[in-house]
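Heads up: the structure comes next, in structure tokens.
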Amino acid sequence: MALVPKVKFFGSVPKASYSPGDCDDEFAVCSEAAKFAVADGATQASYSKEWARILVTSFLELNTSTLTRDHFESWLEGCRRKWTEWERPLASRTLPWFTKEKLLEGSASTFLGISFDFGTDACNQVLWKAVAFGDSCLFIVRGEWLIRHFPIEASDDFTATPSLLHTLAYPIGDDLHIFSGGVCAGDRIFMATDALAKWLLYVYETTETPWDQLYAISSHSELQSFVDENRANGSMRDDDVTLITIEIQAGHE
């Protein structure tokens, strides 16, 4: 029987005392195409939420069957053109001088995307490809075991200045990571922006396996309560949080 990725939950919460519209995280979920993405717009950048939105929605259009560095760079140029089209009418408006100056500096965001191959079921596995830039992270869990995670390896590796994809034509350097692998029935995949990803790795490294706590979240209110509790006890930094939870299940032939 074919295996398919089933989405259990997706959602975001903003920083404490901020409204949902002020959250700079964005995500995109397309179960039909088996593509999922998250992006964390840089707080210091101008209109980073819009740039994050362009990245995640554009990923749904990306042909990931031939995902290479050159392919990614070509896709990124397309995203930058979309940004220019969005920005052009804004830049022509009468804006405060400091807003115009920030627009000239462009915007920036982290990015993480994964796609699954419906057409391949080798050895009872579903193959996947993923691309990561910055500190939004993906975790693959089998039972209670973390079998793979990237691109950040340890909780101490998070910094205040992660690698960012820019709207300006900055070279991507060595910060682009492309991954591939396979998942089996029952495997769980968690996609998280940096505050939640750091919490996950810290808890995993120090005390317990946190996967069941995340998997239990099935509504926005439950995610909000979970984040509030861990911010209050000091274990999670006060930042925007996004979570996508996927489970590999048996589908229909």
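Every number in this text was worked out from the coordinates using simple rules, so none of it is lab data. Quantities reported herein were computed from a predicted structural model and do not represent experimental measurements. All Cβ positions, glycine included, derive from the backbone under ideal geometry; neighbour counts span all protein chains shown.
Key figures for this structure:
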read-out: Rounded to 10°, Cα long-axis angle of helix 69-91 versus longest principal axis of the chain; value: 40 degrees
read-out: Cα pair count fraction exceeding 22 Å, expressed as % - the chain; value: 54 percent
read-out: Dipole magnitude of the chain about its Cα centre (Cβ charges: Lys, Arg +1; Asp, Glu -1), debye to nearest 20; value: 620 debye
read-out: Pairs from 15/102; 102/129; 8/82; 15/129; 8/35 whose Cα-Cα separation, in the structure shown, is over 26 Å; value: 102/129; 8/82; 15/129
read-out: Net charge over other residues, Cβ less than 13 angstrom from the Cβ of residue 206 (K, R count +1; D, E count -1); value: -2
read-out: Intensity falloff of segment 1-146 expressed as log10 I(q)/I(0), Debye formula with alpha-carbon point scatterers, at q = 0.10, 0.21 Å⁻¹; value: -0.42, -1.39
read-out: For segment 3-250: relative contact order, % (alpha-carbon pairs under 8 angstrom, 6 or more apart); value: 29 percent
read-out: Linear extension gain, residue 184 paired with residue 118, 0.36 nm per residue minus alpha-carbon span; value: 22.5 nm
read-out: Segment 180-253, relative contact order in percent, only Cα pairs under 8 angstrom and at least six apart counted; value: 60 percent
